[in-house]
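Here is the structure we will look at, set down as structure tokens.
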Amino acid sequence: MDADLPADLRRGLEQLMEGQSQRALAQRAAALSRRYREGGRSADAIRDRDDALAYALTRLPATYAAVAAALAAAAQARPAFAPRTLIDVGAGPGTAAWAAAHRFPAIADFCLIDDNAPLRALARALIKGVDRPALRNATYAAGTLKDLVAEPADLVIASYVIGEVAPSALADAADALWSHAADMLVVVEPGTPGVQVVRNLPVFGYIDQEGHAEILFEDAQPVEFGEPLLVIE
Ligand SMILES: C[S@@+](CC[C@H](N)C(=O)[O-])C[C@H]1O[C@@H](n2cnc3c(N)ncnc32)[C@H](O)[C@@H]1O
């Protein structure tokens, strides 16, 4: 298992794997990767608990590393940034929330949202064992981006989500993300067709008018894909 994952997350994943057939999980993981490669959304790729577990074991370490790298770069660019509230959109197993919890210890309020029931269940099982009480008490809503009714948060993260949004829904998705970001929006989409989608998001069009800055981390090296990470501040 990935040495860069925080110990409590690694422990949680190992507990979930206990008693599971390695061979069956490997088969699930292969099928999962095939479905993603064929352009499937998570709704097509992750249909039950074992699919969710396969995601957590095969993709989560890389998506965690990518989010952690983006947040490290964001913290370097804004050393005084100390968010107290977080929204993790399309949170899946809670990857970005875990990375944010470890990067920004002042976060006291975690709000996660996703429409995939097996991934939500997996996230709930994982955060039960987290060391940070604030993350343990996270709210995790069932829903899509358009159901996002939470109050704006200091930090909003969309990790590997935008690439799954239908083209006709992208403008609304960008507005929902941007309008919920009180201070910083981090969009992580390296190495998927979503990279170009992120570059075309309407929020990139009005960043300057609103006086915000866009930071592109061309040199960030995500574990899996090698594409740039994008952070909008
Ligand atoms: C590839 S997974 C990424 C999960 C997690 N953010 C990560 O980085 O590991 C994509 C997630 O986005 C969710 N998703 C896709 N479209 C969504 C939408 N319109 N609103 C909310 N969640 C969405 C899926 O259910 C899935 O959990």
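The values are calculated or read from the model by the stated rules, or taken from the named source; none is laboratory data. Only a predicted model underlies this, so the values are computations on that prediction, with no experimental measurement involved. Please note: Cβ atoms are built from the backbone with ideal geometry, for glycine as well, and neighbour counts cover all protein chains shown.
Being within 13 Å of the ligand (Cβ to nearest atom) and either polar (S, T, N, Q) or surrounded by 12 or more Cβ atoms within 10 Å (Cβ to Cβ) (or both) is the requirement here; does ALA141 meet it?
So ALA141 passes the test.
Quick check on the range 1-11: of everything there that is in contact with a Leu (Cβ under 9 Å, 6 or more places away or on another chain) and part of a loop (DSSP other than H, G, I, E, B), which residue is nearest to ALA99 (Cα to Cα)?
LEU5
Identify, by number, the condition in (1) touching a His at 6+ places or on another chain (Cβ under 6 Å); (2) at pLDDT below 65 that LEU230 doesn't meet.
(1)
Quick one: which residue in ALA45, ALA77, ALA96, ALA54 is within 13 Å of the ligand (Cβ to nearest atom), among the small types (Gly, Ala, Ser) and touching a residue at least 60 places away in the same chain (Cβ under 8 Å)?
ALA96
Scanning for something farther than 17 Å from ALA7 by Cβ, out of contact with any Leu (no Cβ under 9 Å at 6 or more places or on another chain) and charged (D, E, K, R), does the range 85-97 turn up at least one residue?
No, that holds for no residue.
Conditions tested, residue by residue: (1) part of a loop (DSSP other than H, G, I, E, B); (2) modelled with pLDDT under 85.
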{"position": "GLY129", "(1), (2)": "yes, no"}
{"position": "LEU135", "(1), (2)": "no, no"}
{"position": "ALA141", "(1), (2)": "no, no"}
{"position": "VAL156", "(1), (2)": "no, no"}
{"position": "ALA169", "(1), (2)": "no, no"}
{"position": "ALA174", "(1), (2)": "no, yes"}
{"position": "LEU177", "(1), (2)": "no, no"}
{"position": "VAL186", "(1), (2)": "no, no"}
{"position": "PRO190", "(1), (2)": "yes, yes"}
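Exactly one of (1) near the ligand (Cβ under 8 Å from one of its atoms); (2) of a type in the set (Lys, Arg); (3) closer than 25 Å to ALA65 by Cβ is unmet by LYS146. Its number?
Just one mismatch for LYS146, condition (3).
In the range 99-117, which residue that is surrounded by 19 or more Cβ atoms within 10 Å (Cβ to Cβ) and either hydroxyl-bearing (Ser, Thr, Tyr) or within 11 Å of the ligand (Cβ to nearest atom) (or both) is farthest from ALA68 (Cα to Cα)?
So the residue we want is ASN116.
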